[in-house]
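Below is one structure, written out as structure tokens; the observations come after it.
The values are calculated or read from the model by the stated rules, or taken from the named source; none is laboratory data. No experiment lies behind these values; they were computed from the predicted model shown. So basically every Cβ, Gly included, is an ideal-geometry build from the backbone, and we count neighbours across all protein chains shown.
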Amino acid sequence: MYKKICELISVVFQPLVMPTLIFVFMLFGLPQTEIAIGGINKALVLFVVSANTLFIPLGIILVMRFTKAIPSLHMENHRDRVFPFSIITLLYLVTAYFFYQKDWLDYKLIFALFVISICLVLLTSISYFWKISAHMMGVGGLLGIVLAFSMMVQGNNLLNLVLSVIILTGILGTARLYLNAHTPLQVLGGLLLGFGVCFGSFYFVWL
């Protein structure tokens, strides 16, 4: 039973979901004065981001599995991750550059996309040598951005949201360890990578 729950948690909060959660937070969880998108529908922006950072990459991974370009969706061997992660990183960079060309999108959103892309570049590079946790990098990035904005935004209490993401981080880390998907050091490494890059980037730019 516990294994099934941990597997469900790992699937629901997989790394590809995290950019969408970050944009849900930035588009709908912050005051209107914090994020400006030039009158464009926020739901449309979220859809485009989700399509390019979640659905298309997920489709690419499934195609790779069915064509046996990767041996398993779990990609137990760290080097099995390098090729799919490289393709997904390229897609993220193209998406970030696409939004960069649009003058109607708030620069914080564009910056978030580039920061997420940097995390992926580092993840892919490290995966060539070591099986660092992509799940924890993703949730660590979410935590870093939520915490950074909680310190940036004046007069808006985001404490409950920060605590919720901290709890999610603990639950996800526990699930990955319970499934023996990673060692504690790999879980910690992923968390520190995602949190450090995302929190550090926003902290030094805006605080």
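Would you mind telling me which numbered condition in (1) assigned to a helix (DSSP H, G or I); (2) of a type in the set (A, V, I, L, M); (3) over 15 Å from Phe202 (Cβ atoms) Leu109 fails? With (1) assigned to a helix (DSSP H, G or I); (2) of a type in the set (A, V, I, L, M); (3) over 15 Å from Phe202 (Cβ atoms) applied to Leu109, the lone miss is (3). Across the stretch 45-65, not a single residue is classified as surrounded by 14 or more Cβ atoms within 10 Å (Cβ to Cβ), in contact with an Asp or Glu (Cβ under 9 Å, 6 or more places away or on another chain) and among the hydrophobic types (A, V, I, L, M, F, W, C). Among residues that are surrounded by 15 or more Cβ atoms within 10 Å (Cβ to Cβ) and either acidic (Asp, Glu) or closer than 26 Å to Thr169 by Cα (or both), Leu8 is not included.
Residues Phe13, Phe85, Phe23: which one is crowded, with 16+ Cβ neighbours inside 10 Å and in contact with a His (Cβ under 8 Å, 6 or more places away or on another chain)? After applying the criteria, what remains is Phe13. Is there a residue being at pLDDT 90 or above, crowded, with 18+ Cβ neighbours inside 10 Å and more than 17 Å from Phe111 (Cα to Cα) anywhere in the stretch 66-75? Taking every residue of the stretch 66-75 in turn, none turns out to be at pLDDT 90 or above, crowded, with 18+ Cβ neighbours inside 10 Å and more than 17 Å from Phe111 (Cα to Cα).
Set side by side, the residues Asn156, Asn180 differ, and just one is at positive phi and not charged (D, E, K, R), which is Asn180.
With respect to the numbered conditions (1) crowded, with 17+ Cβ neighbours inside 10 Å; (2) out of contact with any Cys (no Cβ under 7 Å at 6 or more places or on another chain), which one is the sole condition not fulfilled by Val115? Exception for Val115: condition (2).
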